[in-house]
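Values quoted throughout were computed directly from the atomic coordinates according to the rules given, and no laboratory measurement underlies them. Please read these numbers as outputs of a predicted model, since none were measured by experiment. Every residue, glycine as well, gets a Cβ built from its backbone with ideal geometry; the counts of neighbours run over all protein chains shown.
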Amino acid sequence: MAIGVVMHTFDVQLADLDRGVYEDLTLRVAQHPSETPVFLVTRLLAYCLEYTEGIAFSEGIAATNEPAVLARDATGRQTAWIEVGAPDAERLHFGSKLTGHVAIYTHREPSRLLPQWAGKKIHEAEKITLTSFDPGFLEAFADAVERRNTVTLSVTEGQVYVDVNGVSLTSALHRHAIV
């Protein structure tokens, strides 16, 4: 593990009523020195909101040919490509050709991201969604994170409710088509 990496443990109770997913998860998440706390919680949310059998965090910055979060089936074939932040069109095109599902979760302003993909060659771009959160939600979440964390995360009717270490937060899940 790289020097300066901070390990966080998240004990998550996940109840995604919109998708019918109910799980208790213990996740050890490495935070690279160049990774902001807001990016870290966006990555955690992407994992939880996309939770499925075979989901995993990639090796992060070291994995240049993988997204932040991915899912594989029992044969090892990649089935989901889940980006965090502001991936370029080439990465989205590659991920979309490789898997049946591509999603983007961002901590940035969507109106600044969407134009970067306009008119670019992205395989099945109409199936890719960008998810963003209410202003201040990710920052408040990041402020509540410690090295060891207890998280309750519920999703219902397009709203996410989070309790992290006793701090309660809520946000709409804003879904944007990238084309």
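So here's what we get for this one:
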item: 5 angstrom amide H check on Ser58, placed H, neighbours 5+ away; result: Val69, Leu70
item: Viscosity 0.692 mPa s, temperature 37 °C, Stokes-Einstein D of the chain from Kirkwood C-alpha radius, µm²/s; result: 198 µm²/s
item: Alpha-carbon centroid distance for the pair segment 32-56 / segment 125-152, whole angstrom; result: 8 Å
item: Beta bridges per DSSP with both ends in segment 9-140, % antiparallel, nearest 5; result: 70 percent
item: Reach of Lys97 by Cα under 14 Å, taken over aspartates and glutamates that are not fewer than 8 positions away in the same chain; result: Glu66, Glu124, Glu126
item: Least to most buried among Arg91, Arg108 (fewest other Cβ within 10 Å first); result: Arg108, Arg91
item: At most 11 other Cβ within 10 Å, DSSP loop - trypsin sites (Lys or Arg not before Pro), segment 110-139; result: Lys121
item: The chain, dipole about Cα centre (Lys/Arg Cβ +1, Asp/Glu Cβ -1), debye to the nearest 20; result: 520 debye
item: Viscosity 0.890 mPa s, temperature 25 °C, Stokes-Einstein D of segment 104-179 from Kirkwood C-alpha radius, µm²/s; result: 176 µm²/s
